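Novice: Just passing along the structure, written as structure tokens.
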Amino acid sequence: MTTPAERLLRVRALFDAAVDLPPSERAAALERLAGDDLGLQREVTELLNSDPTTASALHSPFARGAGRPPTDPAAMVGQRLGPYDVVGLLGIGGMGAVYEGARADDQYRKRVAIKLVQGGFDSELTLARFRRERQILASLEHRNIATLLDGGVTPDGWPFLVMEYVDGAPITTWCDAHRLGVRERVALFRQVCHAVTHAHRNLVVHRDIKPGNIFVTTDGTVKLLDFGIAKLLDTEQHEDAMPLTRGGARAFTPEYASPEQIRGDVLTTASDVYGLGVVLFELLAGRRPYLVTSRAIVDIERAVLEEAVPRPSAVITMAAGGSAGGSDRLRRLLQGELDNIVLTALRLEPAARYQSVEGLDDDLGRYLAGLPVRAHGAWVGYRLRKFVRRNTAAVIASLLVGVALMGGGIATRVQTNRVEEARLQEAQVNAFLRELLSSVQPETGSRDAQVSQVLDVAARRLPQELAGQPRVRAELEAVIGGSYMGLGRYDEAEQHFREAMQLHEQHSGPRSAAAILARSNLGQLFMARGALDTAEAYFRQALALHALSSPGADTVQAALLANLGSLAHNQGRPADAERYHRQVLAIRRGLTGDHDDLVAQSINDLGVAVGEQGRM
């Protein structure tokens, strides 16, 4: 059974096919195209006979520049455009006025939005192109795109478009009104990406993506408006000006325009990627990337083409912070992954952005799923953290069992030559873990104990059973602290990291490598929490203690400098990150030569740092 929407599409297709034919040929064409559906033939025939704006006016020549749009937009209210009554003024934009309309003929009544565009047609060529591209846009069928239903030209030669009426609010207003959190905003924004991707697959570029063209209905469905209208209304195009991604008349909203739109370059789908980046920036930070008070084109060009795009986390507004539970909390949520996703979409050169809207959408999906996002680079420590969060149980179990095999590692970390003592520590660790793993009883009644249960039992038993072995206990305190951090239990992690640091300081001294690395662990914990200033203080304390205890560069100094590089990366200071990682690379190359995993990691970290500065 044909649905009303499907029948409307058939009516629209038949009308567009017949309206270009001489009146004497229309009946035979409709009979051939409609087949046995006499009702469909009759409906289209009545439209052709009764609609002066889309039948005679669209087919026959009209006075060149014969009229002007009404000086008072409200004067259109009460008038009739073809089968549509104009019942109210909804708003006025740069391209024209938008009215609420109602189709009021013998067929049915339907609430619509009518856009009367400020731009006339003065040739049969542009009129034919308008009809052709109107049909292309009408074919975009997607739940997140407001459908273009119809269109025509007024008796004075001014084009109008009839679109699906969307009862909703701009996406920024809707998110603020519903106090959506960061993850909810990202999930909603992905609906916009899906709509744009669908259109791009049909060779249609929006060219004016902004919150005012992205509405959200009462049930939370995104509707993208005005898709492709700027291209459709570009009267400077010629018959051979295809594909639809080609530029022309520069119809855009300056605050959301891409650099290539500002420059008047040829447009591609990358221009829509940039527009999406601006909207996402505003959704997350509460403001646009550039605060241009003047609408003069020279000021907009200077801002877009010369000013560096700030990180959203660095410029969040008070209002945005309030809706997210506080500015500090919002800043922590945006730092790192979301900052990099937005900045990748807003690269100055199109080739440096996401290569498609699908790429942007995929990274946002990876962020929501806890997977490494591609915009964050191949940062080894970052990818390891993401892996641990997704596979916490397996990783923690491996860490606990691995401690039993790290006798030689213990000797290296505490930098001791007392081999017998290291072997004794290994035996004590083995004994503790064997006893621990055999004694834990699952609380759930299932065969396996949860990792958190093992950790909690270990944390309770450690102080008593290893009271006389501070070095062994310190090592296990650090392992348990790292495990709690991987589970996101930061308070417990901090408690065990502090205990490990105190034990190392009491037994080996505050300048020992073990104590310095324990202090670095606390810095990494606070960096994971988003408390970047506190993290930096711990890293710098550790580095200062190392400078007092060690005359030259070593692996500990390299690790501490690498931490400062990661911190600078998270703080949005790529130049400082580059400086630190160059130092780390020089130290590691001097210690191990070129063929070492840590050297490769430093080269990779350095590549990310310079890439974030645009030196691709």
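The values are calculated or read from the model by the stated rules, or taken from the named source; none is laboratory data. Since the structure is predicted, the reported quantities are computational estimates derived from the model, not experimental observations. For neighbour counting, all protein chains shown are included, and Cβ atoms are generated from backbone atoms with ideal geometry for every residue, glycine included. Heads up: the accessible areas ignore ligands, DNA and RNA and are worked out on the full protein's heavy atoms, side chains in. Shrake-Rupley method; radii C 1.70, N 1.55, O 1.52, S 1.80 Å.
Novice: Hey, can you tell me all the residues within the range 187-228 that are assigned to a helix (DSSP H, G or I), under 15 Å from E282 (Cβ atoms) and not β-branched (V, I, T)?
Specialist: L188, F189, P211, G212, N213
Novice: Within the range 466-493, count every residue that is surrounded by fewer than 16 Cβ atoms within 10 Å (Cβ to Cβ) and more than 15 Å from L522 (Cβ to Cβ).
Specialist: 3
Novice: Examine the range 289-306 for a residue that is surrounded by fewer than 22 Cβ atoms within 10 Å (Cβ to Cβ), within 25 Å of A187 (Cα to Cα) and modelled with pLDDT under 90, and state whether such a residue exists.
Specialist: The first filter runs over the range 289-306 and keeps only residues surrounded by fewer than 22 Cβ atoms within 10 Å (Cβ to Cβ), leaving 290-303, 305-306.
So of that shortlist, the ones also within 25 Å of A187 (Cα to Cα) come out as 290.
Remaining after also requiring modelled with pLDDT under 90: 290.
Within the range 289-306, one or more residues are surrounded by fewer than 22 Cβ atoms within 10 Å (Cβ to Cβ), within 25 Å of A187 (Cα to Cα) and modelled with pLDDT under 90.
Novice: Would you pick out the residues in the range 569-616 that are of a type in the set (K, R) and within 24 Å of the chain's Cα centre (by Cα)?
Specialist: Hits for the range 569-616 are R573, R615.
Novice: How many of the residues making up the range 252-282 are at pLDDT below 90 and acidic (D, E)?
Specialist: 3
Novice: Can you find a residue in the range 571-594 that is outside any loop (DSSP other than H, G, I, E, B), surrounded by 19 or more Cβ atoms within 10 Å (Cβ to Cβ), without any contact (Cβ under 8 Å) to a residue 60 or more places away in the chain and of a type in the set (D, E)?
Specialist: yes
Novice: Right, next: Of the numbered conditions (1) open to solvent by 40 Å² or more (accessible area, probe 1.4 Å); (2) modelled with pLDDT of 90 or more; (3) polar (S, T, N, Q), N563 fails exactly one; give the number of that condition.
Specialist: For N563, the exception is condition (1).
Novice: Something else: Which residue pairs have Cβ atoms under 7 Å apart, sit 6 or more places apart or on different chains, and have a first residue in the range 545-556 that is under 13 Å from Q583 (Cβ atoms) and a second that is surrounded by 14 or more Cβ atoms within 10 Å (Cβ to Cβ)?
Specialist: Listed pairs, sorted by first residue: A553/I587.
Novice: Quick one: count up the residues across the range 156-193 that are touching a Pro at 6+ places or on another chain (Cβ under 7 Å) and either over 22 Å from I341 (Cα atoms) or open to solvent by 10 Å² or more (accessible area, probe 1.4 Å) (or both). Can you show your working first?
Specialist: Narrowing the range 156-193 to residues touching a Pro at 6+ places or on another chain (Cβ under 7 Å): 158, 170-172.
This time we only want the ones that are either over 22 Å from I341 (Cα atoms) or open to solvent by 10 Å² or more (accessible area, probe 1.4 Å) (or both), so: 158, 170, 172.
The total comes to 3.
Novice: Let me confirm something: among D167, D219, D226, which residue is among the charged types (D, E, K, R), more than 17 Å from A97 (Cβ to Cβ) and touching a residue at least 40 places away in the same chain (Cβ under 8 Å)? Lay out the reasoning, then the answer.
Specialist: On the way: D219 fails: touching a residue at least 40 places away in the same chain (Cβ under 8 Å); D226 fails: more than 17 Å from A97 (Cβ to Cβ).
Result: D167 is the single residue among D167, D219, D226 that is among the charged types (D, E, K, R), more than 17 Å from A97 (Cβ to Cβ) and touching a residue at least 40 places away in the same chain (Cβ under 8 Å).
Novice: Still on this model: Between A55, A66, which is in contact with a Leu (Cβ under 7 Å, 6 or more places away or on another chain), under 28 Å from L116 (Cα atoms), of a type outside the set (V, I, T) and at pLDDT below 75?
Specialist: A55
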